[in-house]
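**Student:** I have a structure I would like to understand better, so I am pasting it below and will then ask my questions one at a time.
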Amino acid sequence: MKKKTEFVYFISVFIAMLIAINSCQKQSRSDNNKTSAMEVKLDVKKEAFWKNPEGKNVDLYTLTNSQGLKTKIMTYGATVVSLEVPDRNGKFADVALGYDTLEEYVKGNAYFGATIGRYANRIAKGRFTLNGVEYKLATNDGENHLHGGNKGFDKVIWEGEPFKREGAVGVKFTYLSKDGEEGYPGNLACTVIYTLTDSNELKISYEAVTDKPTSINFTNHTYFNLAGHGNGDILNHELMINADKFTPVDEELIPTGEIQSVKNTPMDFTHPMTIGSRIGEVKGGYDHNYVINSGGDLLALTARVYEPTSGRIMEVYTTVPGVQLYSGNFLNGASGKQGKIYYKHYGFTLETQHFPDSPNRPNFPSTILNPGEKYIHLDIYKFGSSPNKL
Ligand code: GLA
């Protein structure tokens, strides 16, 4: 009997998905017609933005595709400052949380939109041993190291170089992280390329090379609210994460080392469920690393999010083995862009990553980068909309 109910459930989810995909395609065809009439052009534009506290220029790049999607990305932290995408009626809203001024980005510790490195997420006690040498990192989250330390990649100025090619525009950001920066070994030459395509994808690709063995884990820390930033909480967003397992954490959000099944727990997003459905059963809210079913390496669908009032859909694809679901638990009513206030759960992140604390966990996929090797990681955030509830 249970099997039969599961079968019926499976079939109805499958049919609903086919209908949604079909209507998404129709919607995107009609969006195409609308936008071609408006003649939005694929474009990348650079403007001087702000100066950082040391008086250095920070530039802002605006990328626009021919569907009208627009994202602004600045050289400080190679940070996504805004991201405008259409709803089911073609109405655009900025779905990324952020600030209006550089001062707020400099002072802030929410990592809005930023590129995170050298190591995204936590390293226990800010220590790891590599080839018999112990490295001590900056500790900026109690006793632990978080998101690259006191001055991670989110707080440095990157070199930007815009580009335009058939069907896409983008910016290539580069930064040389010196040997010893925040305690890490090796000079690390880093590249982050943002590409906005005419198929409504924001692609982020990361590359790095080192001259000494080191540990590395990049991510992007954009907080999304698909109803528009500052427009309520994200608890009604329906989320699917393509992961049967996650890495449980202790009180300090450090992985215990286990890899646990999500089955029969509030961590289970294998079937779409609103973020709010079971969040009350998760102490502190979601702030957990999922073990993506693809296992990493191949670009695979990682997550799909649907916001019912606007119909906006976001799909996330990645080549790395994990993704952190963070439900904006530490947002506390601070002011964001355009006078909007960001309360608890007003944004969520899906941070594609290697598992937290991997340098101290030999059973997790390795994050070691050796001289002569190249770190490569690709993410795609794809936007669409559906007239129907999924
Ligand atoms: C990540 C962490 C969270 C928190 C945010 C920033 O998502 O996992 O615990 O530190 O960054 O506030």
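The values are calculated or read from the model by the stated rules, or taken from the named source; none is laboratory data. Being a predicted model, the structure only gives us computed values, none of them experimental. Counting neighbours? That spans all protein chains shown, and the Cβs are built from the backbone with ideal geometry, glycine included. Please note that ligands, DNA and RNA were not included when accessible areas were found on the heavy atoms of the full protein model with its side chains. Shrake-Rupley method; radii C 1.70, N 1.55, O 1.52, S 1.80 Å.
**Student:** Report the extension gain between GLU161 and ASP179 in nm, rounded to one decimal, defined as 0.36 nm multiplied by the number of residues separating them, less their alpha carbon distance.
**Tutor:** Working: separation 18, 0.36 × 18 = 6.48 nm, distance 2.43 nm.
Difference between extended and current length: 4.0 nm.
**Student:** Whenever you get a sec, compute what percent of the accessible area on the chain sits on carbon and sulfur atoms (1.4 Å probe).
**Tutor:** With neighbouring chains kept in place, the figure for the chain is 53 percent.
**Student:** Relative contact order for region 228-334: what percent, with Cα pairs under 8 Å and sequence separation of 6 or more? Let's see the in-between values first.
**Tutor:** Values: 197 pairs, mean separation 32.3, N = 107.
It comes to 30 percent, rounded to a whole number.
**Student:** Rounded to the nearest 500 deg cm²/dmol, what is the calculated helix-only ellipticity per residue at 222 nm for the chain, with -39500 (n - 2.57) per DSSP H run of length n ≥ 4?
**Tutor:** Numbers: 2 runs with 43 residues, N = 390.
Dividing the helical sum by the residues of the chain leaves -4000 deg cm²/dmol.
**Student:** With springs only between Cα atoms under 10 Å apart, run a GNM on the chain and tell me which of THR309, THR62, THR274 wobbles the most.
**Tutor:** It is THR309.
**Student:** Rank GLY372, GLY152, GLY257 by mean-square fluctuation in a GNM of the chain with C-alpha springs under 10 angstrom and give only the top-ranked residue.
**Tutor:** Fluctuation is largest for GLY372.
**Student:** Filter the chymotrypsin sites (Phe, Trp or Tyr not before Pro) in region 293-336 down to the DSSP loop ones having no more than 13 other Cβ atoms within 10 Å, then list what survives. Mind showing how you got there, number by number?
**Tutor:** Details: sites: TYR306, TYR317, TYR326, PHE330; in loops: PHE330.
Counting only loop positions with at most 13 other Cβ atoms within 10 Å, the chymotrypsin sites (Phe, Trp or Tyr not before Pro) in region 293-336 are PHE330.
**Student:** Could you work out how far apart the two model spin labels at LYS41 and GLU373 are, taking each label as a point 7 Å from the Cα in the direction of the beta carbon, and quote it in nm?
**Tutor:** 4.5
**Student:** So how exposed is VAL156, as accessible area in Å² (1.4 Å probe, rounded to 10)?
**Tutor:** 10
**Student:** Let me ask something additional. In nm, give the distance between the simple-model label positions of LYS51 and LYS151, each being 7 Å from the Cα along the Cα-to-Cβ direction.
**Tutor:** In this crude label model, LYS51 to LYS151 measures out at 1.8 nm.
**Student:** Could you provide, to the nearest whole Å², the per residue accessible area of region 43-385 with probe 1.4 Å?
**Tutor:** On the way: 12930 Å² over 343 residues.
Here the residues of region 43-385 average 38 Å² of exposed surface.
**Student:** Relative to a virtual label point 7 Å from the Cα of THR265 in the Cα→beta-carbon direction, which members of region 214-246 show backbone nitrogen distances below 12 Å?
**Tutor:** Answer for this model: 244-246.
**Student:** Give me the net charge of THR210's neighbourhood, meaning all other residues with Cβ under 14 Å from the Cβ of THR210; Lys, Arg count +1, Asp, Glu -1.
**Tutor:** That works out to -1.
**Student:** Continuing with the same structure: What number results when the radius of gyration of the chain, computed over Cα atoms, is divided by 2.2 N^0.38 Å?
**Tutor:** Numbers: Rg = 20.4 Å, N = 390, 2.2 N^0.38 = 21.2 Å.
Dividing the Cα Rg of the chain by 2.2 N^0.38 Å gives 0.96.
**Student:** Measure off 7 Å from each Cα along the Cα-to-Cβ vector at MET273 and THR256, then give the distance between these two points in nanometres to one decimal.
**Tutor:** Going from the MET273 label point to the THR256 one covers 1.8 nm.
**Student:** Can you tell me how much longer the chain between ASP198 and LYS344 gets when fully stretched, taken as 0.36 nm per residue apart minus their C-alpha distance, in nm with one decimal? Let's see the in-between values first.
**Tutor:** On the way: separation 146, 0.36 × 146 = 52.56 nm, distance 3.38 nm.
So the chain would gain 49.2 nm between ASP198 and LYS344.
**Student:** Which longest run of the chain has no exposed loop site in it, a site being GluC sites (Glu not before Pro) in a DSSP loop with at most 10 other beta carbons within 10 Å, and the site itself not part of the run?
**Tutor:** Numbers: sites that count: GLU39, GLU54, GLU166, GLU251.
That would be 252-390.
**Student:** Before anything else, pin down the relative contact order of region 43-385: Cα pairs under 8 Å, at least 6 apart, normalised by residue count, whole percent. Numbers along the way, then the final one.
**Tutor:** Numbers: 933 pairs, mean separation 60.8, N = 343.
Normalised by residue count, the contact order of region 43-385 is 18 percent.
**Student:** Rounded to the nearest 0.05, what FRET efficiency do VAL106 and ASN329 have when you use their Cβ-Cβ distance and R0 = 25 Å?
**Tutor:** Working: r = 23 Å, r/R0 = 0.92.
Result of the calculation: an efficiency of 0.60.
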